[in-house]
Amino acid sequence: MDFATVLQVLDSTVRLATPLLLACLAGLFSERSGIFDIGLEGKMLFAAFFSAAIAAVTGSVWLGLLAGIASSMALAGIHGLASITFRGNQLISGVAINFLAAGLTVVIAQDWFQQGGRTPSLLGGARFGPLTLPFAETLRDVPVFGPIYHDLISGHTILVYVAFAMVPLTWWVLYRSRFGLRLRAVGDAPEAVDTAGVSVIRMRFTAVAICGVLCGVAGAYLATALQAGFVKDMTAGRGYIALAALIFSKWRPWYALSATLLFGLLQAVALRYQNIEMGGFVLPVQVMDALPYILTVVILAGFVGRAIPPRAGGSPYVKEQ
Amino acid sequence: MPGADTAEGRQTAAPAIELRGISKAFGPVQANRDISLKVMPGTIHGIVGENGAGKSTLMSILYGFYKADAGEIFVGGQKTLIPDSQAAIKAGIGMVFQHFKLVQNFTVLENVILGVEEGARLKASLAKARGSLKRLAEEYELNVDPDAKIEDLSVGHQQRVEILKALYRQADILILDEPTGVLTPAEADHLFRILDNLKAEGKTIVLITHKLREIMAVTDTVSVMRRGEMTATLETATTSPEELAELMVGRKVLLRVDKKPAQPGQTVLEVEDLHVTDEDGVARLKGVSFHVRAGEILGIAGVAGNGQSHLLEVLGGVREATGRIRVNGQDIDLTGKHSDGRSRRARGIAHVPEDRQRQGLVMAFKAWENMILGYHHDPAYQKNRFLMDNAAIRTESAASMQRFDVRPPNPNLAARNFSGGNQQKIVLAREIERSPDLLLVGQPTRGVDIGAIEFIHQSILDLRDAGKAILLVSVELEEILSMSDRIAVIFDGLIMGERLPDETDEKELGLLMAGITDTEAPPDFETIEAALDAAAGPGDAPHG
């Protein structure tokens with residue numbers, strides 16, 4: 001495996017890790033506030049469809065992005081209403097959102113575009129194009145650093161940089177800001193937040209809304225940057241992998257980055273090496289494709305040590321003594 | 001010295017807190033009924049009452065945690081609306097809840113600033129809080145490491161964090177709900193020293209407790225609550241623990257039970273030197289010994305929270321202990337796998353738990369399913385190796401529900417659909433029908449309507465007359481007096497003494513329940529007060 005190949009795999013890792021990272025951070029905000037969100041998948045799917053549809057219709061990827069965010073936030077609002085206002089079961093609400101998104105996207109797409117549940121392929125301004133960072137071309141021939149800068153760091157869409165910038169930002173918000181302090185508190189001890197005179201409901205709705213925005217960006221990235229248009233079930237379980245990564249990362253932003261990069265790497269390897277020969281024995285492509293999911297199962301089975309979720313996670317807040 | 005002047009001066013000022021006609025109901029339960037109260041600034045005001053008397057509800061209303069159905073609140077003479085905790089904090093009220101409201105994985109500092117941060121960035125707030133905490137720690141003996149995580153702190157320190165939280169929010173009025181329940185005696189003494197320091201600074205303190213000794217030791221005035229009503233407000237100096245005990249327990253007509261003299265037989269239960277330490281490391285039983293004979297009822301009297309619940313749980317096999325318990329002369333295991341409910345039942349012990357809804361019944365189960373809880377492995381209920389004989393169980397349940405006058409006598413109704421009294425009858429029917437050698441009964445008539453009380457008492461007496469031993473635990477003094485053949489009084493994990501019901505009265509038992517064994521010269525009081533006086537000295541010095 002030469003240097004160029006490694007770079008290509010890593011480049012692909014970054015692209016594939018981006019939606020996972022955004023979804024994982026989305027889940028982090030929601031779950032840190034005490035609202036479990038199994039509906040990341042559905043929100044991403046919804047956003048993927050609406051961003052692609054609006055981008056296809058208007059020709060503007062930015063309007064598409066906005067539509068994706070808005071649609072994802074609408075689903076987040078439903079989840080918030082069900083699990084915060086009406087104190088419903090958060091898992092059921094999340095599962096319902098996933099079903100809703102899986103069904104509605106295809107039905108609306110078919111009715112709207114009549115292309116078998118797809119959107120038209122996005123071209124030109126309807127899609128996020130790669131950005132070339134400053135000096136990428138000039139530095140290209142510098143040994144080692146040049147190719148890394150040109151091939152790996154430069155040349156991604158804006159959303160990739162947004163996703164990676166979200167990591168330090170999330171960390172800062174979580175651990176250095178008033179909002180983060182309250183967010184962490186409301187997920188662990190909502191009664192402490194309540195008696196401190198801060199509204200538990202408002203905190204949780206804010207967190208769920210942020211989750212909606214980030215899922216919206218993740219979905220829009222899938223349909224308008226990673227690929228050129230929406231296809232049925234295009235999230236392909238990424239929402240669940242993001243949840244696994246969230247547990248893997250123990251609800252911390254920098255760990256979330258590592259976890260999603262690991263999953264991204266597995267997907268990149270599976271994409272590149274369809275059949276791997278291991279001493280006369282061929283590892284079929286399906287095994288590589290399944291690897292991220294197998295790893296998810298292994299992680300969820302608790303092989304990564306004890307991951308302690310936010311203490312009040314999953315339970316609606318009811319005043320009592 | 002100036003502290004005393006200001007305290008005097010403020011006696012004539014507007015009350016720090018005034019409540020007028022506060023009422024609050026939770027569903028059918030009237031937790032507070034038309035309560036009025038005045039607390040003068042710079043004083044420590046005690047509120048006493050038994051568990052469930054409505055003290056905590058009242059204070060939660062004052063802190064904006066609950067909304068009163070009716071009534072007005074005045075703070076410093078001004079009518080104040082307290083719709084939420086934010087408003088209470090603004091009005092200068094701080095509250096230390098019985099169950100602390102702290103974020104366990106936060107540091108002390110983070111907990112203190114939560115909700116009153118200065119600006120969107122934490123850095124400045126943390127720095128400011130660090131300084132304030134240091135000052136408060138020196139001023140009031142409230143030492144605690146600001147960078148320690150709450151989960152690593154002792155309960156006593158966690159409580160200090162709660163007090164610091166209130167002071168950091170500039171509270172002038174501090175409410176403490178059962179603050180010593182979870183503290184060791186040394187920690188409790190330290191807390192009282194802190195409270196004295198706060199009072200000397202002109203803060204107003206409301207102390208909710210059911211421990212009369214604390215009231216006598218630290219408060220200036222005291223109010224008594226019973227069953228949601230404020231029954232009296234007194235100067236602590238002019239009252240006595242006996243009087244407070246009477247007011248707390250109430251002076252209702254004794255529910256006389258028609259009972260024959262006991263015919264005690266062989267000793268069934270012998271308890272020797274029983275010790276229990278709970279999950280928080282607090283000693284709940286500190287060497288309890290007694291015995292119960294066949295054909296008699298031993299009543300355990302005491303204010304709730306003095307170890308009687310733990311005693312029942314140990315005997316019932318749901319809690320481990322050290323010491324010795326013999327049933328019919330044979331030792332039973334107090335730890336390990338042979339110490340559980342099932343093995344206790346196998347030894348002839350039946351248990352009617354204090355909390356019937358949590359320990360006695362599965363509320364979602366039907367009556368007939370509840371009727372065999374714990375006895376489900378009885379061969380009589382098995383149809384074959386795999387299936388239970390549900391039809392037979394239902395028939396048997398219906399019959400025993402008839403005998404125990406459960407209304408409605410419908411075995412297919414879920415337990416939660418029965419009234420409190422009928423739920424209790426289901427539990428009693430289940431336990432008594434097996435004719436156990438020893439029946440443990442906790443609070444048999446708590447939350448039970450008057451009509452059912454008599455029947456429940458009669459069922460227990462019938463079992464006694466059938467020659468069985470009965471241990472009755474109740475916080476209702478009349479119940480203890482009317483039902484028991486002997487009475488043991490428990491206080492702070494110790495049996496204070498045994499009395500015969502005909503040779504004692506509520507007054508004497510009330511004193512024993514407050515831990516006072518000698519009416520002439522109560523020694524415990526003086527020692528505690530002396531200790532407090534001695535301790536308060538250096539704390540006051542910086543202000544002198």
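Quick rundown of the values:
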quantity: Rounded tilt (10° steps) of B:390-403 against the dominant C-alpha axis of chain B; calculated: 80
quantity: R0 of 56 Å, Cβ-Cβ distance residue B:286-residue A:289: FRET efficiency to nearest 0.05; calculated: 0.30
quantity: Exercise: per-residue mean of other protein chain Cβ atoms within 10 Å, A:194-206; calculated: 5
quantity: Dipole magnitude (debye, nearest 20) for the stretch B:137-250, charges at Cβ of Lys, Arg, Asp, Glu; calculated: 280
quantity: Folded to 0 to 90 degrees: helix A:61-80 orientation relative to chain A principal axis, Cα; calculated: 30
quantity: Estimated FRET transfer efficiency (residue B:231, residue B:98; beta-carbon r; R0 22 Å; 0.05); calculated: 0.50
quantity: GNM flexibility winner over chain A from A:125, A:187, A:27 (Cα, springs under 10 Å); calculated: A:125
quantity: Gain on full stretching of the segment that runs from residue B:343 to residue B:34 - 0.36 nm per residue minus C-alpha separation; calculated: 106.3 nm
quantity: Selection from A:264, B:244, B:510 lying farthest towards where the dipole of the protein assembly as shown points positive, charges on Cβ; calculated: A:264
quantity: Residue order, fewest to most beta carbons within 10 Å, for A:230, A:205; calculated: A:205, A:230
quantity: Average Cα contact separation per residue, the stretch A:3-300, under 8 Å, 6 or more apart, as relative contact order %; calculated: 35
quantity: Pairs beyond 32 Å (Cα-Cα), from B:24/B:425; B:67/B:199; B:259/B:286; A:43/B:149; calculated: B:259/B:286; A:43/B:149
quantity: Computed lengthening from residue A:115 to residue A:233, 0.36 nm per intervening residue step minus Cα-Cα distance; calculated: 41.0 nm
quantity: Charge dipole (debye, nearest 20) of the stretch A:3-300; +1 at Cβ of Lys and Arg, -1 at Cβ of Asp and Glu; calculated: 620
quantity: Ranked A:211, A:24, criterion: other C-beta atoms within 10 Å, fewest first; calculated: A:211, A:24
quantity: Cα centroid of the stretch B:138-210 to Cα centroid of the stretch B:271-327, whole Å; calculated: 31
quantity: Shielding by partners, peptide B:96-106 (average Cβ within 10 angstrom, other chains); calculated: 5
quantity: Sequence-distant residues sharing a close amide H with residue B:46 (under 5 Å, placed H); calculated: B:207, B:220, B:221, B:222, B:223
quantity: FRET efficiency for residue B:494 and residue A:5, using Cβ-Cβ distance with R0 set to 60 Å, rounded to 0.05; calculated: 0.15
quantity: Residue (of B:89, B:66, B:290) at the positive-pole extreme of chain B, dipole from beta-carbon charges; calculated: B:66
quantity: Percentage relative contact order, chain B, counting C-alpha pairs under 8 Å, at least six apart; calculated: 15
quantity: Under 21 Å from residue B:507, Cα to Cα: lysines that are on another chain or at least 8 residues apart; calculated: B:211, B:252
quantity: In degrees, nearest ten, helix A:3-32 long axis to first principal axis of chain A (Cα); calculated: 10
quantity: Eligible lysines near residue B:260 by straight Cα distance, threshold 17 Å, same-chain separation 8 or greater; calculated: B:468
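Where a number appears in this text, it was derived from the coordinates with a stated rule and is not lab data. Here the structure is a predicted model, which means the values were calculated and not measured. Every residue, glycine as well, gets a Cβ built from its backbone with ideal geometry; the counts of neighbours run over all protein chains shown.
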